[in-house]
1. Cβ under 11 Å from A614's Cβ, A614 left aside: what net charge do those residues give with Lys, Arg +1 and Asp, Glu -1?
2. Evaluate 2.2 N^0.38 Å with N set to the residue count of segment 24-143, then give the Cα radius of gyration divided by it.
3. For the pair Q518 and K256, how long in nm is the line joining their label points, each one 7 Å along Cα→Cβ?
4. At a temperature of 20 °C and a viscosity of 1.002 mPa s, determine how fast segment 121-201 diffuses translationally according to Stokes-Einstein, using the Kirkwood radius over alpha-carbon pairs as Rh; express D in µm²/s, rounded to the nearest whole number.
5. Compute the FRET efficiency between L346 and M1 as 1/(1 + (r/R0)^6), taking r as their Cβ-Cβ distance and R0 = 56 Å, and round to the nearest 0.05.
6. Would you please report the Å³ per residue occupied by the convex hull of the alpha carbon atoms in segment 242-396?
7. How far, in degrees from 0 to 90, does helix 72-88 lean away from the longest principal axis of the Cα atoms of the chain, to the nearest 10?
8. When the chain is fully extended, how far beyond the present Cα-Cα distance does I181 get from K459, taking 0.36 nm per residue of separation?
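What follows draws every value from the coordinates through simple rules; no lab data is involved. This is a predicted model, so every value here is computed, not measured. Every residue, glycine among them, receives a Cβ derived from its backbone with ideal geometry; neighbour counts consider all protein chains shown.
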Amino acid sequence: MGYTITEKIIAAHIRDGKMERGSEIGIRIDQTLTQDATGTMAYLEFEAMDIPGVKTELSLAYIDHNTLQNGFENADDHRFIKSAAAKYGLFYSRPGNGICHQVHLERFGAPGKTLLGSDSHTPTGGGIGMLAMGAGGLDVAVAMGGGTYYITMPKIINVELQGKLSPLVSAKDIILEVLRILSVKGGVGSVIEYSGEGVKNLSVPERATITNMGAELGATTSVFPSDEITLAFLKAQNRAEVWQELKADEDAVYDKKIIIELDKLQPLAACPHSPDNIKAVRELAGMKVDQVCIGSCTNSSLSDMLKVAAILKGKTIAPNVDLSISPGSRQVLAMLAECGALEDILQSGARLLECACGPCIGMGFSPNSGGVSLRTFNRNFEGRSGTADGQVYLVSPETAAASALTGCFTDPRDIGEIDVLPMPESFKINDNGILAPLPEAEAKSAELVKGPNIKSIPKGEPLPAEYKAEAVLKVGDNITTDHIMPAGAKILPYRSNIPHLSQFCFGVVDTEFPARAQAKGGGFIIGGSNYGQGSSREHAALVPLYLGIKVVIAKSFARIHVANLINAGILPLTFANAEDYDKITQGDELMLENLRDAITNDGKIILKNMNNDAEIPLAAGLSERQKAIILSGGLLEYTKGAN
Ligand code: MIC
Ligand code: SF4
C-alpha cells in the first residue's frame with residue numbers, strides 16, 4: 001500500500017507509536033517558530049525546563065503581533081524575546097520584518113520538513129510541502145529542546161483540484177469552498193492533502209493561502225505536493241538547495257475525497273461570525289461596506305498585492321470606505337515599491353499599515369460601531385476586530401479591492417479585466433531584519449531581560465482523588481479561544497501577565513465570569529462541540545487554570561486547545577452521550593467521585609449532578625502519556641517528575 005504525502009513526512013520523523021489512524025504518535029520536529037503574543041510564554045517555559053539551548057535544525061522568534069508598543073509592555077516583551085533568542089540560539093525576526101508565516105515561507109520553509117509553531121496558522125508552510133502544525137507554547141518549547149511532539153495519527157482527506165480558476169476568482173475562494181463543504185469542525189483529526197491537475201495552476205503563495213486557512217477547518221494541518229512550481233518559488237528566493245520532490249504514491253489511501261472543479265468556482269465570502277458561514281459574493285452584492293482590510297498571513301503575498309494594485313490603479317476608493325493594506329513582509333513591501341505597484345495602491349486612497357498582523361488580531365483599524373468590514377483575513381469571530389458589533393466578512397483580495405472602489409459588496413468579475421504586473425523571476429533578498437543566533441561562547445553569557453510585565457506562570461496541581469465544585473460557566477458550540485481569552489490592542493500587551501489577563505477571560509460571553517470563578521474557588525466549565533477552536537494561545541488554558549478551573553466537560557474539543565488544557569493540568573472530559581449536556585445548568589453543584597482512580601485505571605467516569613441527581617457518563621480518551629501529565633498536574637510538573 002502506498003503512502004500519502006503526510007504519511008511520507010511522518011514516516012521520516014516518527015519516534016514513538018505506530019502510524020495507525022487515531023492512535024497517538026510522537027514525531028521529531030525540524031523547525032520551530034514563535035510569534036511574540038505566544039512567544040513570551042514559550043520562552044518562560046523553555047527557561048523553566050532548564051535546557052541550555054535549542055536542539056532543532058532551525059528555530060525562529062518572530063515579532064509581528066504586538067507591534068503597537070502603546071506602553072512599555074510590548075517593548076519589554078520584545079526585549080525579553082530577543083534576549084531569549086540570543087541566549088538559546090534562535091534567529092530573531094525584528095518587528096516590521098513581516099508576519100511570521102509569510103516570512104517563514106519566503107526565507108526558511110523547506111519541503112519534507114516538520115515545523116511546529118506557537119500559532120495556529122503555522123500550516124501556511126504546507127503550501128511549500130512541509131508538515132507544519134500549530135501548537136501551544138509549551139509544546140513548542142519542548143520541541144525546541146529536542147523533545148518529541150505528540151499528535152493523534154490523523155485521517156487524511158484528499159481534496160482533488162480539477163481545472164483552472166477563472167480570472168478574478170482566487171485561491172481564497174478555494175479554501176472558502178472547502179470550508180463551506182466541511183465546516184469549522186470538518187477537519188478535526190485530519191490532514192487535508194491537495195492533489196490533482198488544478199494544483200499545477202497554483203503558485204506557492206496561492207497554495208499557502210489554502211493551507212493557512214485549513215486551520216479554520218480544525219485540521220491538524222494541510223499540505224500540497226512539492227513540485228516544479230515549488231522549485232521555481234525556492235529558486236526565486238535563492239534557496240533551490242532545500243527543494244525535494246514530494247508527491248503521494250499512486251496507490252495511497254485516503255479516508256475521504258472531495259473534488260473541486262476550479263472553473264466552476266465563483267467569488268465567495270465568509271459571513272459574520274464564522275469562517276464557514278459562506279455565501280456567494282453575488283448574493284451579497286450591493287451591501288454597503290464601511291471598511292476594507294487587505295493583508296494578514298492568509299493574503300499578503302506579493303502576488304496578492306499585485307492583483308490588488310492592478311484593480312486600484314488609476315482609481316479612487318469610495319468615500320464611504322476606509323482601506324488598509326498590510327503587506328506580509330518587508331520583502332513584499334520593498335518589491336511593491338520597486339515596481340511602482342505601491343504607488344498605485346496609495347494613490348487610490350489606501351492607508352498603508354506596518355508589515356504585521358495588525359487589524360487581524362484587533363491591533364488597530366477596528367471598524368466603526370456595527371460597521372461592515374471586508375477582510376482578506378482568516379477569522380471573523382465575534383469581537384475579534386476590536387469592535388464588539390463589527391460585521392466582518394472574509395473575502396479574497398480581488399473582492400476586497402473591487403468592493404473598496406464601489407463602496408459596496410462587489411463581485412470582482414464585474415469590474416472587467418485587469419492588467420496585473422508579472423511576478424519577478426527573483427525576489428529582492430535582504431535578511432538584515434533577522435538577527436542570526438550568537439556564537440556559542442557569547443550565547444552562554446547572554447542574560448534574559450525581563451520587564452515588570454512578565455509574571456510567573458500558574459502551576460497546575462496533581463489530579464485530586466475526587467472533585468466537587470460548581471459548573472461556573474456553561475457555553476454553547478464552537479466556542480473559540482478568542483471567546484475564552486480575547487486579544488486586541490487593550491489586552492494583547494499582557495500576554496506574559498496571567499493575573500492581569502484573567503480579568504478578561506470569557507469577556508465576550510460573560511463579563512462576570514472571572515469574578516465568579518475566583519469567588520467560588522474555580523470549578524467546572526461546560527462546553528458544546530468543537531470547544532476551543534481557533535487560536536493556539538495557551539493562555540486560553542493558563543488563565544482558566546489561574547481562575548481555579550480544574551475540569552472542562554464538552555461535547556467535543558478542538559485539537560490544539562485540548563492539548564493545551566492537558567499541558568496546563570486541566571482535565572478535558574467529553575459527554576459519552578451528547579444529549580447529557582442538557583442535564584447541566586450553570587450554577588449546578590457537580591461531583592466526580594474516585595476521579596484519580598478512574599483516570600489511572602481507565603475506570604468509569606460518572607458525573608453526579610447534585611441539583612437534579614442525574615448521573616452522567618463521561619469519557620476521558622487520554623493516552624498513557626496524557627494520563628501521566630494530568631495526574632502530575634501538567635506538562636511542566638510531569639517533565640520535572642520525569643527528570
Ligand atoms: C490568531 O490568529 O488568533 C493568532 C493571534 O495568531 C493566534 C495566536 C495568538 O493568540 O497569539 C493563533 O492563531 O494561534
Ligand atoms: Fe497574525 Fe492574523 Fe495570521 Fe494570526 S491569523 S498570525 S493574527 S495575521
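1. On the way: positive: K583, K608; negative: D580, D582, D588, D613, E615.
Computed value for this residue: -3.
2. Details: Rg = 13.4 Å, N = 120, 2.2 N^0.38 = 13.6 Å.
Against the compact-globule rule of thumb, the ratio is 0.99.
3. Between Q518 and K256, the simple spin-label model gives 4.3 nm.
4. Numbers: Rh = 14.8 Å.
Result for D is 145 µm²/s.
5. On the way: r = 55 Å, r/R0 = 0.99.
Efficiency, rounded to the nearest 0.05: 0.50.
6. Numbers: hull volume 25.3 nm³, N = 155.
In segment 242-396, the Cα convex hull volume per residue is 163 Å³.
7. 80
8. Working: separation 278, 0.36 × 278 = 100.08 nm, distance 4.10 nm.
Computed gain between I181 and K459 is 96.0 nm.
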